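The values are calculated or read from the model by the stated rules, or taken from the named source; none is laboratory data. Values in this document were obtained by computation on a predicted structure and should not be read as measured data. Reconstructed Cβ throughout: ideal geometry from the backbone, glycine too, with neighbour counts over all protein chains shown. Protein only, heavy atoms only, side chains kept; ligands, DNA and RNA dropped before computing areas. Shrake-Rupley method; radii C 1.70, N 1.55, O 1.52, S 1.80 Å.
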Amino acid sequence: MPSEMAADGSRQQKTFFRTLLRKSWRDRYIFILLLPGLLYFLLFKIIPVFGNVIAFQDYNPFKGMWASDWVGFSNFKRIFEDTEVLRILRNTLFISLMQIIFVFPAPILLAIMLNEVAREKTKRLIQSIIYLPHFFSWVVIVSIATIFLKPEGLINQLLQYFGYDWVSFMTNPHLFVPIVIVELIWKETGWSTIIFLAALASINHELLEAAIVDGANRWKRIWHIIVPSIGSTIAILLILRLGTVLDTGFEQIFLMLNPFNRDIGEVLDTYVYTKGIKQGDFSFSTAVGLFKGVVGLVLVLTANRIIKKVRQ
């Protein structure tokens, strides 16, 4: 009896693998299409994870990863003992908080405004225009902003025309964060509306028609029907955004930095670049990057749990 059961199990396994191979060969072209994406994640997302081991070492490029001396959590202690790192961590948290407060709601408001546009052609034209900045690189965006904000630029010319003194926008440390926020809104708000417009398209129009019959004006329909209907989408994107709270965007900040605003504009991403690439402190820069990942994971799990309790 046991031998018969074993033989039956063996036949089932052979049948399963034959079916799997047959289906895989049938769908071989789909797997070929998936291959570049899988290779990308394998080479640039999965394999580099093993390189985080140098965060626990005094890494020496000449000795290699496995021959370098192990130092335990010494590199992580430096994060909290170094006053420069603490200052940069404060800068990062402040800029990220400003992005959440001002940048995150912008596409929601813009999507609701676009949803209220009655003429479809006008709506599509506006969408095409506001999507465009997303396809510009940060080099182009920062260059355009610099041209407008330089001492002889358009903004200062307008200020002088109305009787005000010119302002040194690019060297004033107090204006660094507002300029970063405005640039980010300009570049990404239009593109980010795609998700919210898709969520708005799924709203039951019978609810809106019933609200109109009941005498609800446009503001009441937006507040009591439209906003709650996309609440789950907003919550998911907010959770994902909190996971990157220490990621303020390297390229934009790096291009905006200069000796006058470095004290308030230096963030963890640019600091890791300076320490790791310019100064060759690979272990410490890797420890900072790993610390960012752990903080992001904790924030995602915490925010997810809080939102679940609030929505119960």
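Side notes on the structure shown:
- Helices (runs of 4 or more DSSP H) contained entirely in segment 180-267, each with at least 1 residues that are of a type in the set (Phe, Trp, Tyr) and open to solvent by 20 Å² or more (accessible area, probe 1.4 Å): 218-221, 250-256
- Any hit, segment 121-144, residues being within 26 Å of Glu266 (Cα to Cα), in contact with a Leu (Cβ under 6 Å, 6 or more places away or on another chain) and of a type in the set (A, V, I, L, M): yes
- Residue that is within 27 Å of the chain's Cα centre (by Cα) and modelled with pLDDT under 85, where the choices are Leu175, Leu208, Leu184, Leu246: Leu246
- Segment 41-59, residues that are surrounded by 15 or more Cβ atoms within 10 Å (Cβ to Cβ) and out of contact with any Asp or Glu (no Cβ under 7 Å at 6 or more places or on another chain): Val53, Ile54, Ala55, Phe56, Tyr59
- Test result for Leu290, at pLDDT 85 or above and not basic (Lys, Arg): yes
- Flag for Leu38 being within 29 Å of the chain's Cα centre (by Cα), under 30 Å from Lys275 (Cα atoms) and open to solvent by 70 Å² or more (accessible area, probe 1.4 Å): no
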